[in-house]
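Chemist: Take this structure, written in structure tokens, and hold onto it; I'll ask about it next.
Only the coordinates and a few stated rules stand behind these numbers; no lab work does. A quick note: this is a predicted structure, and the numbers were derived from the prediction, not measured. Positions of Cβ are generated from backbone atoms using ideal geometry, with glycine treated the same way; all protein chains shown enter the neighbour counts.
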Protein chains: 2
Amino acid sequence: MEPHAGMKPDSDLRRGIEAMFFAYRGFTADPDRILHQRGYGRAHHRALHFIHRSPGTTVNNLLAILGVTKQSLNRVLRTLIEDGLVESTVGARDKRERHLDLTEAGRALERDLNEVQSARVRAAYASAGPEAVAGFEAVLEQMMDAELFRHYKRLSELGGT
Amino acid sequence: MEPHAGMKPDSDLRRGIEAMFFAYRGFTADPDRILHQRGYGRAHHRALHFIHRSPGTTVNNLLAILGVTKQSLNRVLRTLIEDGLVESTVGARDKRERHLDLTEAGRALERDLNEVQSARVRAAYASAGPEAVAGFEAVLEQMMDAELFRHYKRLSELGGT
DNA sequence: TTGGAATGTCAACAAGGCTGACGTATTCTG
DNA sequence: CAGAATACGTCAGCCTTGTTGACATTCCAA
């Protein structure tokens, strides 16, 4: 392949790839500790996060966002419901659907997890500066494929508390 | 918590967190397909990547970088050696050590995996622009914790290919 | 009204993490 | 030189979290 102006050398790309690998490990390290103490895994965190984000969402909805099979999600969801962190209510309009919401205990755990994860992201943002943050998000967005990007955009536009 | 100038609002942090989640999925999607075809998983990719990066590295070294137990790494390594993708040779200076290298077949697979993963990163970089890339790397570096950052730096300074 | 699509649950299996215990070869150290 | 420490491999067993397959319930449209 002819290198040409604007073409990133192979070593730059490898560096970026390694940065993603190591950064993702750091990104999940703090919540993982809390989860492990409580006997949960990363899948539980993801479920709590997105239920918090879209209260009353259905199982199917969550499936699409998380990109796993319904059987896989169901196992996680079942333990969260048994442990009283998530509430599942039969749909009023469509009784096949289950609407998912966090209980007070669920909100508390989600808050703890978000707290430690946000702290790290906040520190990284503060240390790298606002322009770096803009670049960070721009590259990440481009790294998603179309479907993931749609989910991301939809959630972003909801605005969060 | 009193918000003050320069303090990122919670919603910005949540957006960044979700961006990391979705982007990481995209980041691994293409290599995952190739790996799955060959009956391998992400763990095999990581081993191949870092052996390629540091030819002749020892098992202990790889353990530290990957952050897994030797039992876990051993399972992956054993299949790669059996399948003739990795070669393990007894250390010359210290015969307790095993030095790991890719065979020709191992290099070929690593090249394929790197090819598709780099393609996506390259496209993202090209589309976001060089300043965004600088910001991207800056934020990722800050997101690592100290030990991971050391590994990252050591590898980066080796230079590429 | 009935057959198919959609939604969700249960069962069983595999990958790949983990801990703990142990064996062997080799090197280092007191 | 004897014994401790290091590097590596392996066995056994556990957990999380992904998968497929089979099934019940509910809705909707022909």
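Chemist: If R₀ is 30 angstrom, what is the calculated FRET efficiency for the pair residue B:53 and residue A:123, using the beta carbon separation as r and rounding to 0.05? All intermediate terms of the calculation are to be shown ahead of the outcome.
Modeler: On the way: r = 28 Å, r/R0 = 0.94.
My answer for the efficiency is 0.60.
Chemist: Turning to a different aspect of this structure: What gaps in nm, shortest first, separate residue B:88 from its twins in the other copies when you place the label 7 Å past Cα toward the beta carbon?
Modeler: 4.4
Chemist: Please give the net charge around residue B:151, taking every other residue with its beta carbon less than 13 angstrom from that of residue B:151, where Lys and Arg add +1 and Asp and Glu add -1.
Modeler: Working: positive: A:15, A:25, B:46, B:53, B:150, B:153, B:154; negative: A:18, B:141, B:145, B:147, B:157.
Net of charged neighbours comes to +2.
Chemist: Next question. How many percent of all Cα-Cα pairs in chain A sit more than 19 Å apart?
Modeler: 64
Chemist: Measuring from a point 7 Å out along Cα→Cβ, what nm distances, shortest first, does residue B:56 have to its partners in the other copies?
Modeler: For residue B:56, the inter-copy label distances come out at 6.5 nm.
Chemist: With the contact rule set at Cα under 8 Å and sequence spacing of 6 or more, what percent relative contact order holds for chain A?
Modeler: Numbers: 109 pairs, mean separation 33.8, N = 161.
Reported relative contact order: 21 percent.
Chemist: Tell me which A residue has its C-beta closest to the axis rotating A onto B, and the distance in Å?
Modeler: Nearest Cβ to the rotation axis, residue and whole-Å distance: A:135, 1.
Chemist: Provide the FRET efficiency to the nearest 0.05 for the residue B:93-residue A:116 pair, computing r from the beta carbons and using R0 = 51 Å.
Modeler: Values: r = 43 Å, r/R0 = 0.85.
Result of the calculation: an efficiency of 0.70.
Chemist: How fast does the range B:11-83 diffuse by Stokes-Einstein, in µm²/s, taking the Kirkwood radius from C-alpha pairs at 20 °C and 1.002 mPa s? The partial results should precede the final answer.
Modeler: On the way: Rh = 13.9 Å.
Result for D is 154 µm²/s.
Chemist: Excluding same-chain residues fewer than 8 positions from residue B:70, which aspartates and glutamates have a Cα within less than 16 Å of its Cα?
Modeler: Correct list for residue B:70: B:97.
Chemist: Let me ask something else about it. Amide H of residue A:99 versus every other amide H placed in the peptide plane: which residues, excluding those fewer than 5 positions away on the same chain, fall under 5 Å?
Modeler: Those lying under 5 Å, H to H, from residue A:99 are A:89, A:90, A:91.
Chemist: Please compute the modelled spin-label separation between residue B:153 and residue A:154, points set 7 Å along Cα→Cβ, answer in nm with one decimal.
Modeler: About 4.3 nm separates the two model spin labels.
Chemist: If you don't mind, another one. Given label points at 7 Å from Cα along Cα→Cβ, what nm distances, shortest first, separate residue A:112 from the same residue in every other copy?
Modeler: 4.5
Chemist: Net charge within 10 Å of residue A:58 by Cβ-Cβ distance, Lys/Arg positive one each and Asp/Glu negative one each, not counting residue A:58 itself?
Modeler: 0
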